[in-house]
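Worksheet for the structure shown next.
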Amino acid sequence: MSIIAVTRHPGARAWLTEQGVEADRLVDHLNVDEVGPGDMVVGALPAHVAADICSRGARYFHIVMELPAGLRGKELTADEMRRCGARLEEYRVEQLE
């Protein structure tokens, strides 16, 4: 089992560290072929990627925030993420045929 944190944002990386997430791998981009059963993947990934992660028997934890329109598209610091209520929520995502 590995913990894989997926983010290219320095603020998110700092925030994850502050949350006690001790990632075995910290990557800018996830290669889902490297995800296996029992792995934990942390990030803010598209639904189809999260579904692929879950279909492999891994767990997906999404970084959730209440982001005001004025902060969209901007690099956030860990402090700004906290002010936006950043938290980790586990999701089980499944593609429906």
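Which residues, counting only those in region 80-97, are closer than 15 Å to ILE63 by Cβ and without any contact (Cβ under 8 Å) to a residue 60 or more places away in the chain? Once the filter is applied, which keeps residues that are closer than 15 Å to ILE63 by Cβ and without any contact (Cβ under 8 Å) to a residue 60 or more places away in the chain, region 80-97 yields ARG83, CYS84, GLY85, ARG87, GLU89, GLU90, TYR91, VAL93. In region 25-36, is there at least one residue being touching a residue at least 12 places away in the same chain (Cβ under 8 Å), among the small types (Gly, Ala, Ser) and touching a Gly at 6+ places or on another chain (Cβ under 8 Å)? Yes, the conditions are met somewhere in region 25-36.
Are there any pairs with C-beta distances below 7 angstrom linking a residue in region 1-21 that is open to solvent by 50 Å² or more (accessible area, probe 1.4 Å) to a residue that is among the aliphatic types (A, V, I, L, M) and not in a loop (DSSP other than H, G, I, E, B), with the two at least 6 apart or on different chains, and if so which? These pairs meet every condition: ARG13/LEU26; GLU18/ALA78; GLN19/LEU88.
Filter region 62-88 for residues that are acidic (Asp, Glu) and surrounded by fewer than 14 Cβ atoms within 10 Å (Cβ to Cβ); which is nearest to HIS48 (Cα to Cα)? By that ranking, first place goes to GLU66. How many residues are of a type in the set (Asp, Glu) and not in a helix (DSSP H, G or I) if we restrict to region 50-68? Number satisfying all stated conditions: 1.
Taking the criterion of being part of a helix (DSSP H, G or I), farther than 22 Å from LEU76 by Cα and among the charged types (D, E, K, R), the residues of region 14-49 that qualify are ASP33, GLU34.
The values are calculated or read from the model by the stated rules, or taken from the named source; none is laboratory data. This is a predicted model, so every value here is computed, not measured. For neighbour counting, all protein chains shown are included, and Cβ atoms are generated from backbone atoms with ideal geometry for every residue, glycine included. These accessible areas exclude ligands, DNA and RNA; they are computed on the full protein's heavy atoms, side chains included. Shrake-Rupley method; radii C 1.70, N 1.55, O 1.52, S 1.80 Å.
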